[in-house]
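First comes the structure, then the notes that go with it.
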Amino acid sequence: MQAIQQGTEWMLRLDDGQDLFETLSSFAEREHVTAAAVLFGIGMFRAATFGYWDGQQYRPEELKVPHEVVALHGSIARADGAPSIHLHGAVAGPDHRLVGGHLLRATVGVLQEMVVSTFPGRTFGRPLVESWGLRMLDLEPGRNP
């Protein structure tokens, strides 16, 4: 992976075969990123699994052939002392049809270009909200609403 910083923004290039979530988590740990927005991403996934939230659980769809990434965005927070990466995206397959949703897993194919905007001095949380069964972004952990 290559990464450059300009102010509060980072431009990242992930390489063929890299696990998207492992690489972003390593980046967040190494650069002490505890609050960020993934503004966009383009490239290709060699393999990916998207989920659709049916109100109780994610219904996964695994893509086993390479797909072009046409949209990728999300957030980076902290949960249980580690980076918590939440991404949604859309990809196009060889038939030019789009598939998308909550990204559960992805392996980079060829490359992935991304912009990450950080919020220095802040830590976003991602606590489990039991009524939904989901971890939700908390912009001000520890502060009462």
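Each reported figure results from applying straightforward, stated rules to the coordinates on display, with no laboratory input. Owing to the predicted nature of the structure, the values given are computational and were not obtained by experimental measurement. Neighbour counts run over all protein chains shown; Cβ positions are idealised from the backbone, glycine included.
Among the trypsin sites (Lys or Arg not before Pro) within segment 23-83, those in coil by DSSP and having at most 12 neighbouring Cβ atoms inside 10 Å are Lys64. Within the shell of other residues whose beta carbon sits under 13 angstrom from the beta carbon of Ile4, the net charge comes to -2, with Lys and Arg scored +1 and Asp and Glu -1. Near Val110, the amide H atoms lying under 5 Å from its own belong to Asp16, Gly17; only residues 5 or more places off or on other chains count, and H is placed 1.01 Å from N.
Electrostatic bookkeeping for Ile42 treats Lys and Arg as +1 and Asp and Glu as -1; over the other residues with beta carbon under 14 Å from its beta carbon, the sum is -1. Only DSSP H runs of four or more residues enter the estimate; each adds -39500 (n - 2.57), and after division by the residues of the chain the mean residue ellipticity at 222 nm equals -2500 deg cm²/dmol.
Before anything else, pin down the relative contact order of the chain: Cα pairs under 8 Å, at least 6 apart, normalised by residue count, whole percent. Relative contact order of the chain: 31 percent. Close amide-amide hydrogen proximity is noted between Ala47 and Thr107, each under 5 Å apart and 5 or more residues distant or on a separate chain (H modeled in the peptide plane; Pro and chain starts excluded).
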